[in-house]
1. Checking the condition in a loop (DSSP other than H, G, I, E, B) and in contact (Cβ under 8 Å) with a residue 60 or more places away in the chain, which residue from Phe231, Phe255 passes?
2. Mind counting the residues in segment 1-31 that are open to solvent by 80 Å² or more (accessible area, probe 1.4 Å), free of Cβ contacts under 8 Å to residues at least 40 places away in the same chain and closer than 30 Å to Thr171 by Cα?
3. Out of everything in segment 176-199 that is touching a residue at least 60 places away in the same chain (Cβ under 8 Å) and out of contact with any strand residue (DSSP E or B) (no Cβ under 6 Å at 6 or more places or on another chain), what residue ends up being surrounded by the fewest Cβ atoms within 10 Å (Cβ to Cβ)?
4. What pairs can you find where one residue is in segment 473-491 and more than 29 Å from Leu434 (Cβ to Cβ), the other is in a loop (DSSP other than H, G, I, E, B) and among the acidic types (Asp, Glu), and their Cβ atoms are less than 9 Å apart, with a gap of 6+ or different chains?
5. Mind counting the residues in segment 323-344 that are buried (at least 23 other Cβ atoms within 10 Å of the Cβ) and either of a type in the set (S, T, N, Q) or closer than 26 Å to Gln139 by Cβ (or both)?
6. Could you say whether any residue in segment 470-489 is part of a strand (DSSP E or B), in contact with a Pro (Cβ under 8 Å, 6 or more places away or on another chain) and open to solvent by less than 20 Å² (accessible area, probe 1.4 Å)?
7. Within segment 37-75, which residues are surrounded by fewer than 16 Cβ atoms within 10 Å (Cβ to Cβ) and out of contact with any strand residue (DSSP E or B) (no Cβ under 6 Å at 6 or more places or on another chain)?
8. Let me confirm something: among Ala573, Ala584, which residue is out of contact with any Pro (no Cβ under 6 Å at 6 or more places or on another chain) and of a type in the set (Gly, Ala, Ser)?
Amino acid sequence: MSSLTHEAARTRANLLVVDSYDVVLDLTGDEREFGSTTTIRFSAREPRSATFVDVAAARLRSVRLNGRALDVGGYEPDDRRIALTDLADHNELVVDAVMTYSHDGEGLHRHIDVADGRPYLYAMSFLDAAPRWFACFDQPDLKAPVTMTVTCPPDWVVSGNGPATAVEPGTWRIAPTGPLATYFTTVVAGPYHVVRDEHDGIPLVLLARQSLAEELDRDAAELFATTKHCFDELHRLFDRRYPWGEYHQAFVPDFNAGAMENPGCVTLRDGYVFRSRATEADRLERRITIAHEMAHMWFGDLVTMRWWDDLWLNESFAEYLGQRVIGPSAWVSFGVVRKAWGHAADRRPSTHTIAGNDAADAATALAAFDGISYAKGASVLRQLALHLGDDTFLAGLRRYVERHAYGNAEFADLLAAWEAAGAEQLADWAHAWLRTTGLDELVIESGALVTRNAEGPTRPHAVQVAALGPAGDVLVPDAYDETWAKVVLPASAWDAMPELLPAVSDPRTRVTLWNALRLAAADAEVHPAKALEVVVAALPVETDDSVVDSVARWATGTLAATYLDDEGRPAAAGELAAALLATAERAPAGSGRQLAAARAAIAATANAALLRGWLDGNAVPPGVVVDTELRWLVVRRLAVLGQLDAAGIEEELARDHSSSGLVHAAYCRAARPDAEAKAAAWSTIMTDAELGNYELYALAEGFWQPEQRALTAGYVGAYFAELPAASQLRSGWVTQRVALRAYPRTIVAASTLSASAELLEAGTLPALVQRAVVDAGDDLRRALAARERFGLAPDAA
């Protein structure tokens with residue numbers, strides 16, 4: 001069955017009013033299937049009309065509409081729909097189904113923790129996965145209260161959108177709250193460890209697997225403090241209290257996103273419960289994620305976009321408010337991490353507008369969950385707050401939420417709210433920023449700031465210019481990283497940058513310069529070796545953990561790995577590794593900056609003896625602790641370098657017999673420079689429909705290594721030949737992420753691009769996978785263009 005189209009959703013929304021859902025789940029059966037019985041009460045505006053309900057069941061036991069049994073004997077799981085005919089004014093639909101647990105992070109996901117053998121469940125309904133665990137009218141503008149009854153083993157706990165109560169051992173009832181869209185309806189069930197608190201009358205709950213109980217207890221005070229701060233700030237900003245009763249945050253395994261904004265029960269990837277030492281950047285990311293998801297309680301949950309083409313009404317605002325609520329350090333991280341993600345997305349062939357992204361169907365919409373809808377949208381909102389003034393900006397948001405609470409809204413409704421709050425001539429500004437694509441360029445010409453755009457009209461930018469250097473002769477537009485644009489500097493500035501950048505004291509200006517360097521390198525305006533020279537000179541004195549981590553990843557994984565050829569890469573990577581190691585040695589002992597530098601040095605170095613020494617406790621910089629996660633980074637790098645055999649991987653897994661350990665071991669197996677290991681990994685990536693999503697991602701990430709081009713070049717053709725069939729084995733996010741990670745990114749050759757073009761032209765890929773190949777191919781195109789521009793050799797294919 002094809003994805004739900006916007007037109008079909010509009011027709012169904014015009015016909016139906018959904019009054020309530022009553023979902024009964026039986027989780028006491030086998031490890032593959034569970035029972036799901038859904039009662040939907042709804043009205044039809046046109047009696048005797050017809051529609052359909054969404055359900056992706058393994059099999060249907062019965063379906064009854066207004067007491068009448070429907071013939072569903074020909075139903076197949078891929079159908080995903082049941083036709084409903086002869087509707088009455090008021091209707092009751094009962095769908096009794098057997099569903100299949102997922103292992104891809106969508107639907108009702110079931111994870112077995114290898115540490116103790118216990119099962120942990122959670123539901124991920126986004127974007128169109130709700131029918132995989134309960135029958136529903138699956139579109140964002142048919143909201144309704146949901147009541148849930150869950151039967152499960154008696155030692156389990158259950159959490160959901162509303163307060164959950166154990167009515168008897170093994171039976172839980174989740175009370176209804178305000179109307180829910182199907183895509184943010186959830187349940188969490190299993191023998192989870194639970195920590196409780198309260199703030200301002202709101203019950204607060206944290207959940208994680210039992211094997212993470214000690215770590216959750218250790219971090220609980222910080223997690224609760226962040227949660228309380230965010231509630232206070234968002235209450236102040238919205239001038240409206242949190243509307244969903246209790247607030248649970250469940251840290252769950254195998255989660256594809258950072259988190260999901262289910263009202264009352266946010267799910268977050270359990271990597272945010274740190275098993276080992278964390279940098280300040282790690283903790284900052286966690287705080288921002290908590291703030292982002294809480295902002296959704298108002299923007300996205302209380303007021304929901306009508307259709308996915310207004311996705312930005314959810315994500316751009318949550319992204320903006322998440323940074324704003326946490327404070328100045330969040331904007332530095334946003335600039336160097338999130339904006340870099342968005343810059344890449346907005347310069348690719350797959351770019352799209354922020355608003356009105358032409359989401360003709362749900363599958364197309366999922367591809368738009370990218371750096372444009374998040375980072376670009378948030379950047380534009382920063383500009384809008386400067387354009388309107390903060391008072392008008394916030395007054396418009398409050399009007400919008402007040403007017404459309406518990407319902408749905410569109411872009412025009414938000415514009416009307418701002419205009420009612422006093423905004424003038426907003427339509428032209430909004431069109432320039434929200435209905436166009438790409439980046440303007442900001443450049444200083446003859447001492448004046450000039451905005452240019454080869455693709456069309458430029459946008460208004462509220463920015464400041466800084467004069468840098470001893471003589472103040474290097475002028476930098478957007479000096480405080482406040483807009484969305486490419487900052488263009490002259491060649492003379494890049495020549496001076498190894499001395500200039502380390503002397504810049506303001507972290508916002510350093511972020512502007514780092515982003516300008518990355519964009520210039522991507523456009524073949526700066527030689528990759530020159531870019532690395534800047535990194536080697538400036539990163540050792542960088543004080544922000546987020547910058548150290550993000551820039552080092554780019555320098556190692558992009559510049560050294562793909563922009564430089566095999567002749568220049570080893571020496572450049574060696575210089576980078578030495579600089580990072582020196583940074584780790586000179587940084588304050590035990591600091592986040594030291595840990596960030598140590599991680600980056602491990603990824604860059606080819607010195608196997610040094611790495612072996614670290615595992616044995618030798619020559620480790622004082623303050624660096626080779627704990628569980630850092631040890632795995634060392635082991636992963638040794639696997640890449642051919643210094644770890646299969647038995648060594650098993651020994652490491654025995655040291656860390658955990659779900660995370662399984663993922664690390666999978667990466668190591670794929671990363672070994674061994675023909676049999678590569679063949680086994682490739683077969684799993686392309687043919688195994690049962691492996692968990694995290695292990696699958698690890699195999700794909702580990703497979704392609706720049707040091708192993710000769711060994712893996714033969715798999716370039718295999719990728720393009722086998723991807724269409726492999727994409728049919730799985731669905732949703734996992735298909736896109738595997739396609740992206742398994743792309744032959746290290747074989748920088750024209751033949752790789754030609755094979756990409758041929759596959760795309762064939763039109764045999766699902767929309768999400770098509771987008772992955774387009775994006776990965778564009779990254780490789782830029783690497784090849786840089787090599788051609790500066791006389792560096794392409795790879796042999």
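1. Details: Phe231 fails: in a loop (DSSP other than H, G, I, E, B).
Going through Phe231, Phe255 in turn, the sole match is Phe255.
2. So the count comes out to 1.
3. So the residue we want is Pro191.
4. Ala491/Glu525
5. Qualifying residue count for the region: 2.
6. Yes: segment 470-489 contains one or more residues that are part of a strand (DSSP E or B), in contact with a Pro (Cβ under 8 Å, 6 or more places away or on another chain) and open to solvent by less than 20 Å² (accessible area, probe 1.4 Å).
7. The answer is Arg45, Glu46, Pro47, Arg48, Ser49, Ala50, Gly67, Arg68, Ala69, Asp71, Gly73, Gly74.
8. On inspection, the qualifying residue turns out to be Ala573.
The values are calculated or read from the model by the stated rules, or taken from the named source; none is laboratory data. From a predicted model like this one, the values you see are computed outputs, not experimental measurements. Note: ideal-geometry Cβ built from the backbone for every residue, glycine included; neighbour counts use all protein chains shown. Ligands, DNA and RNA are stripped out before the accessible areas are found, and what is left, the full protein with its side chains, is counted by its heavy atoms. Shrake-Rupley method; radii C 1.70, N 1.55, O 1.52, S 1.80 Å.
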